[in-house]
Amino acid sequence: MSERLVIRDVEKALKDFEDRDPVTQKHLIRYMFARDILKEGDQIADIACGSGYGSKMLAMHGCKVTGVDISKEAIKLAKKHNHHENVKFHVGSIKQLTVWFFPKFLDAFVCFETLEHLEDGHKEILESIMTVLKPECPAICSIPINHPDTHWHKKIFSFNEREDLFKSVFSKIEYSEKNGSIIIGWK
């Protein structure tokens, strides 16, 4: 399994948030941010969901979530530790959106710390996200800026590269004031 954060007990992680290490806190904050934007009943895709803790956080909020990850091991962990009646987990690649089992249209798309792991095809991936989003619905993503990790990260994004990428696909973009790595694209 590649670079992953495994949280086996989301409720405990949220309760003990202040005692968590800074990396875990940053990951949880991304999903807290998304949760604050989303509404109960929203159909959500959580791409590169890893061990599924974020999918479960969104499901606990009342969203209907499809969590997808390329790693069979991660999905196995997700199903074991982060199952929820509002979540379905699938093995799949972000480069093959059309084969996933999404509802016809989604209310939001969540994709945290993923695009930097791919060498190319970023614009095509975002364009395919647009095909499954309802009008005026958000794609909530995070992409680290100028991150020096070259072991796991195949593409190091500058702020301008990330902004240009999102502007080329979405009609409107916003940034999170709480976490500078989060960018929201609106269809």
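Below are the figures for this structure:
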item	result
Top positive-direction residue, dipole computed over the chain with Cβ charges, set Met57, Leu77, Leu115	Leu77
Additional length obtainable on full extension of the chain from Asp21 to Lys104, 0.36 nm per residue less Cα span	26.0 nm
Relative exposure of Tyr175, Tyr31, Tyr53, judged by other C-beta atoms within 10 Å (fewest first)	Tyr175, Tyr31, Tyr53
Descending principal axes extents, the range 1-50, alpha-carbon based, whole Å	30, 27, 16
Difference of contour (0.36 nm per residue) and Cα-Cα distance, Lys123 to Ser93	9.3 nm
Per-bin percent of Cα-Cα distances, the range 10-186 [10 Å]	10, 40, 40, 11, 0
Test item: Cα-centred dipole of the chain, Lys/Arg +1 and Asp/Glu -1 on Cβ, debye	540
Likely footprinting exposure, Ser51, Ser158, fewest C-beta neighbours within 10 Å first	Ser158, Ser51
Whole-number D in µm² s⁻¹ for the range 117-187, Kirkwood Cα-pair radius fed into Stokes-Einstein, 10 °C, 1.306 mPa s	126
Dipole of the chain [Lys/Arg +1, Asp/Glu -1 at C-beta], most positive-end residue of Gln96, Gln25, Leu126	Gln96
Relative exposure of Thr131, Thr24, judged by other C-beta atoms within 10 Å (fewest first)	Thr131, Thr24
Mean-position separation - Cα centroids, the range 20-37 and the range 108-187, in angstrom	17
Longest site-free stretch - the chain; sites: GluC sites (Glu not before Pro), DSSP loop, at most 14 other Cβ within 10 Å	41-84
Contour minus Cα-Cα distance for His81 and Lys12 (0.36 nm per residue)	23.6 nm
Proximal lysines relative to Lys154, as straight alpha-carbon distance under 17 Å, when same-chain residues fewer than 8 apart are discounted	Lys95, Lys123
Spin-label pair Met60/Ile37, simplified geometry with 7 Å Cα→Cβ offset, distance in nm	2.1
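Every number here is computed from the coordinates shown, using simple stated rules; none is lab data. As the structure is a computational prediction, the values presented were derived from the model and not from experiment. Cβ coordinates were reconstructed from backbone atoms using ideal geometry, including for glycine residues, and neighbour counts include every protein chain displayed.
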